[in-house]
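**Student:** To start, I am sharing the structure in question, which I have written as structure tokens.
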Amino acid sequence: MSITTQIAHLRSSLPPHVELVAVSKTHPVEAIEEAYQAGQRCFGESRPQELKAKYEALPKDICWHMIGHLQTNKIKYIAPFVTLIESVDSARLCEAIEREAAKCGRVIDILLEVHVAAEASKTGWEPTELIAYIESGAIDALTHLRVRGIMGIASNTDDEAVIRADFDHLHHLYKQLQPRFGNSFDTLSMGMSDDYPLAIDCGSTSVRIGSMIFGERSYPQP
Ligand SMILES: *Cc1c(COP(=O)(O)O)cnc(C)c1O
């Protein structure tokens, strides 16, 4: 199926409160242009330099989400324009984004990435570490960051019960943290091509969908 068809299908089938982030990592500018023509304005990328190059080549009303692991020395490529950094997984990264955002005179929206999956390799805060960091108050001093919510990835398994338990875990944590940050804490980013209906069932407000829209990726991503 074409990119246009898939975008139309998703836009008509997702509940109105769920944002669609089209994950365009590894795909060429032409593929993003096709999705853009179909009305899609929000795209996710996982490499800072690739994100910057696409930003420069494409219309400026696109919202760019950084969804991949971010090294502190690469924040500078995206800090001037990025809409949301979804993959913030350490105190050190929070502090580095704070510095780059201040340099740009911006407040950058972020999600805190939480590790709930069974695989040890996945990035993100352990829930207890995240809660301890937030309780410490250190994040409140970072005035150029706005914490919009949390992001997570479910275990890589066909077992629906396990995936649902991961999403329930993320949703529980989201609800637990919401009063701490107030009204601007409104984003629970969970769900990908293979598991987004389940994620929406469990309270997702934003799904990150790549291969279902753009097809298989041409080269592997970390
Ligand atoms: C690549 C990626 C996606 C999209 O995955 P698909 O299975 O292609 O939909 C979503 N979230 C993150 C964090 C990713 O790295």
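The values are calculated or read from the model by the stated rules, or taken from the named source; none is laboratory data. From a predicted model like this one, the values you see are computed outputs, not experimental measurements. Heads up, the Cβs are rebuilt from the backbone with ideal geometry, glycines too, and the neighbour counts pull from every protein chain shown. Remember, those area values only see protein heavy atoms, side chains included, never the ligands or the DNA or RNA. Shrake-Rupley method; radii C 1.70, N 1.55, O 1.52, S 1.80 Å.
**Student:** Residue-wise, which Karplus ³J(HN,Hα) couplings in Hz belong to the stretch 141-155, taking 6.51 cos²θ - 1.76 cosθ + 1.60, θ = phi - 60°, and x for glycine or proline?
**Tutor:** Here the 3J(HN,Hα) series is 7, 8, 7, 9, 10, 10, 7, 9, x, 10, 10, x, 10, 7, 4 Hz.
**Student:** Continuing with the same structure: Out of the total accessible area of the chain (probe 1.4 Å, heavy atoms of protein only), what percent is carbon and sulfur?
**Tutor:** 51 percent
**Student:** Give a quick list of GluC sites (Glu not before Pro) in the stretch 124-222 that DSSP marks as loop, anything other than H, G, I, E or B, with at most 16 other Cβ atoms within 10 Å.
**Tutor:** When the GluC sites (Glu not before Pro) of the stretch 124-222 are filtered for loop state and at most 16 Cβ neighbours within 10 Å, 216 remain.
**Student:** Between residue 211 and residue 92, what length comes free when the chain is fully extended (0.36 nm per residue of separation minus the Cα-Cα distance, one decimal in nm)?
**Tutor:** 39.7 nm
**Student:** Turning to a different aspect of this structure: Amide H of residue 63 versus every other amide H placed in the peptide plane: which residues, excluding those fewer than 5 positions away on the same chain, fall under 5 Å?
**Tutor:** Close amide H contacts, sequence-distant or interchain: 42, 43.
**Student:** Mind giving me the nanometre distance, one decimal, between the label points for residue 176 and residue 2, set 7 Å out from Cα along Cα→Cβ?
**Tutor:** Calculated label separation equals 4.7 nm.
**Student:** Wrap a convex hull around the Cα atoms of the stretch 92-181, take a quarter of its surface area, and give that in square nanometres.
**Tutor:** For the Cα atoms of the stretch 92-181, the hull's average projected area reads 6.1 nm².
**Student:** For the stretch 28-48 and the stretch 112-159, what is the separation of their Cα centres, given in Å?
**Tutor:** Spelled out, the Cα-based centre of one part sits 26 Å from the other.
**Student:** Sorted by average packing, counted as other Cβ atoms within 10 angstrom per residue and highest first, what order do 144-150, 96-102 take?
**Tutor:** Output ranking for 144-150, 96-102: 144-150, 96-102.
**Student:** Amide H of residue 23 versus every other amide H placed in the peptide plane: which residues, excluding those fewer than 5 positions away on the same chain, fall under 5 Å?
**Tutor:** 44, 209, 210
**Student:** Kindly provide the helix-only [θ] at 222 nm of the chain, computed as the sum of -39,500 (n - 2.57) over DSSP H runs of four or more divided by all residues, to the nearest 500 deg cm²/dmol?
**Tutor:** Calculated mean residue ellipticity at 222 nm is -12000 deg cm²/dmol.
**Student:** A further question on this structure: So if each residue of separation counts as 0.36 nm, and I subtract the Cα-Cα distance between residue 136 and residue 186, what length gain in nm does that give?
**Tutor:** Full-extension gain reported as 15.8 nm.
**Student:** Would you kindly state how much longer the chain becomes between residue 143 and residue 104 on full extension, computed as 0.36 nm times their sequence separation minus their alpha carbon distance, in nm to one decimal?
**Tutor:** The residue 143-residue 104 span can extend by a further 12.7 nm.
**Student:** Let me ask something else about it. For the stretch 1-159, state what percent of all Cα-Cα pairs lands in each successive 5 Å bin, counting from 0 Å until the bin that includes the largest distance.
**Tutor:** 2, 9, 17, 19, 18, 17, 11, 6, 2, 0
**Student:** Hey, can you grab everything whose amide H is under 5 Å from the amide H of residue 154? Only 5+ residues off in sequence or another chain; H modelled, so Pro and N-termini drop out.
**Tutor:** When sequence neighbours closer than 5 places are left aside, the close amide H contacts are 191.
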